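What follows is a short report on a single structure.
The values are calculated or read from the model by the stated rules, or taken from the named source; none is laboratory data. Note that the structure is predicted; figures quoted are calculated from it, not measured. When we count neighbours, we look across all protein chains shown, and the Cβ atoms used for this are built from the backbone with ideal geometry, even at glycine.
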Amino acid sequence: MSHVLLQEASFSAETSGGSVRIILQPTTLELSEQRIAVIGANGSGKSTLLRLLNGLLLPSTGSVSVDGLDTRADGGAVRRQVGFVFTDPLSQLVMPTPLEDLELSLRRRVKSTTARRQEAARLLQEYGLEPLGGNSIYELSGGERQLLALATVLAVEPTLLVLDEPSTLLDLRNTRLLRSRLAGLNQQLILSTHDLELALDCSRALVMDAGQVVFDGAAADAVAHYRGMYS
Ligand SMILES: Nc1ncnc2c1ncn2[C@@H]1O[C@H](COP(=O)(O)OP(=O)(O)O)[C@@H](O)[C@H]1O
Ligand SMILES: [Mg+2]
């Protein structure tokens, strides 16, 4: 299990008007449970918090580290360890076909071209995408794309998987498929979601509001807290 540490980590950005807006208030957290959900309204700062975890964003103040690796000083090592799945899979599928996308992800880990193709084919099969390996990414359904994005990120063998609203674009059937996929993984998962069922699959959940973590506890209690905020 990875050990993620935020120490007074905040994130600010300059607005178009030139003033500085604090998007994430100074936050101190220790994240080491196997499954952690981040819930909260649109604009509450969930994506910002998640992006700090793999160095996609660097904290404006304070620090973020993963297993002792600082996201500022050891960015490359952190990104190899922390996989990131975006809400829209098309933002991370860069090759024309699923097979090529998986091969690209495997480049660092599998050096031989032949072995890499075999491993990519095996992963396609594992994810039930094998008949689509040579198709265009654009011909895949939203659910197939999200599974492929998950497969390409996992191909790098990260120890921590961060997912930003992975089921937001999926229908009920594909959301269930994704949930069962995620439930079967050994990696530590930290995910943001509006799907409270997905949040309840986690052991711990953070509730965010206006750039702050306003509740941190067992997922069922966090979901109850979140519901209470709007009743
Ligand atoms: N780089 C940025 N510059 C200015 N505002 C930003 C930037 N990133 C995020 N924001 C704003 O900060 C708030 C929180 O964003 P975000 O973390 O994406 O929230 P969430 O994922 O919970 O919807 C939003 O109001 C968003 O518009
Ligand atoms: Mg977001």
For the list (1) part of a strand (DSSP E or B); (2) in contact with a Pro (Cβ under 8 Å, 6 or more places away or on another chain), I need the number of the one condition that Leu52 fails.
(1)
List the pairs whose first member sits in segment 135-157 and is basic (Lys, Arg), whose second member is modelled with pLDDT under 95 and surrounded by 19 or more Cβ atoms within 10 Å (Cβ to Cβ), and whose Cβ atoms are under 6 Å apart, counting only residues at least 6 apart or on separate chains?
Arg145/Pro89
Take Arg122 and tell me if it is assigned to a loop (DSSP other than H, G, I, E, B), closer than 19 Å to Pro158 by Cα and not aliphatic (A, V, I, L, M).
no
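For Ser180, state whether it is farther than 24 Å from Asp67 by Cβ and in contact with a Ser or Thr (Cβ under 8 Å, 6 or more places away or on another chain). Working first, answer last.
Details: farther than 24 Å from Asp67 by Cβ: yes; in contact with a Ser or Thr (Cβ under 8 Å, 6 or more places away or on another chain): no.
When the stated conditions are applied, Ser180 does not pass them.
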Anything in segment 199-213 that is assigned to a strand (DSSP E or B) and within 16 Å of the chain's Cα centre (by Cα)? List them, or say none.
Arg204, Ala205, Leu206
Which residue pairs have Cβ atoms closer than 8 Å, lie 6 or more positions apart in sequence or on different chains, and pair a first residue in segment 184-197 that is part of a helix (DSSP H, G or I) with a second residue that is modelled with pLDDT under 95 and of a type in the set (Lys, Arg)?
Glu197/Arg179
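Have a look at Asp88, Asp101, Asp67 and point out the one that is of a type in the set (Asp, Glu), touching a His at 6+ places or on another chain (Cβ under 6 Å) and either in contact (Cβ under 8 Å) with a residue 60 or more places away in the chain or more than 21 Å from Leu189 (Cβ to Cβ) (or both). Write out each step before concluding.
Details: Asp88 fails: touching a His at 6+ places or on another chain (Cβ under 6 Å); Asp101 fails: touching a His at 6+ places or on another chain (Cβ under 6 Å).
Criteria check complete, one pass: Asp67.
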If we keep only residues of segment 60-94 that are modelled with pLDDT of 95 or more, surrounded by fewer than 18 Cβ atoms within 10 Å (Cβ to Cβ) and assigned to a loop (DSSP other than H, G, I, E, B), then the residue nearest to the chain's Cα centre (by Cα) is Asp67
The residue from Met208, Met229 that alone is surrounded by 14 or more Cβ atoms within 10 Å (Cβ to Cβ) and either within 25 Å of Asn54 (Cβ to Cβ) or not charged (D, E, K, R) (or both) is Met208
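Which one of Glu144, Glu165, Glu139 is surrounded by 20 or more Cβ atoms within 10 Å (Cβ to Cβ), charged (D, E, K, R), farther than 15 Å from Tyr127 by Cα and touching a helix residue (DSSP H, G or I) at 6+ places or on another chain (Cβ under 9 Å)? Explain how you work it out, then say what you get.
Working: Glu144 fails: farther than 15 Å from Tyr127 by Cα; Glu139 fails: surrounded by 20 or more Cβ atoms within 10 Å (Cβ to Cβ).
Among Glu144, Glu165, Glu139, only Glu165 is surrounded by 20 or more Cβ atoms within 10 Å (Cβ to Cβ), charged (D, E, K, R), farther than 15 Å from Tyr127 by Cα and touching a helix residue (DSSP H, G or I) at 6+ places or on another chain (Cβ under 9 Å).
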Residues satisfying the stated conditions in segment 125-149, i.e. under 21 Å from the mean Cα position of the chain (by Cα), part of a helix (DSSP H, G or I) and either among the small types (Gly, Ala, Ser) or more than 17 Å from Ser180 (Cβ to Cβ) (or both)
Ile137, Gly142, Gly143, Arg145, Ala149
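Out of Leu104, Leu123, Leu57, report the one residue that is surrounded by 19 or more Cβ atoms within 10 Å (Cβ to Cβ) and away from ligand 1 (no atom under 16 Å from the Cβ).
Values: Leu104 fails: surrounded by 19 or more Cβ atoms within 10 Å (Cβ to Cβ); Leu57 fails: away from ligand 1 (no atom under 16 Å from the Cβ).
Result: Leu123 is the single residue among Leu104, Leu123, Leu57 that is surrounded by 19 or more Cβ atoms within 10 Å (Cβ to Cβ) and away from ligand 1 (no atom under 16 Å from the Cβ).
Given the residues Leu172, Leu102, which is the only one that is out of contact with any strand residue (DSSP E or B) (no Cβ under 6 Å at 6 or more places or on another chain) and either basic (Lys, Arg) or at pLDDT below 95 (or both)?
Details: Leu102 fails: either basic (Lys, Arg) or at pLDDT below 95 (or both).
Unique residue meeting the criteria: Leu172.
Yes/no per residue for (1) surrounded by fewer than 17 Cβ atoms within 10 Å (Cβ to Cβ); (2) within 25 Å of Ala219 (Cβ to Cβ); (3) of a type in the set (A, V, I, L, M, F, W, C):
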site	(1), (2), (3)
Glu8	yes, no, no
Gln25	yes, yes, no
Gln34	yes, yes, no
Ala41	yes, yes, yes
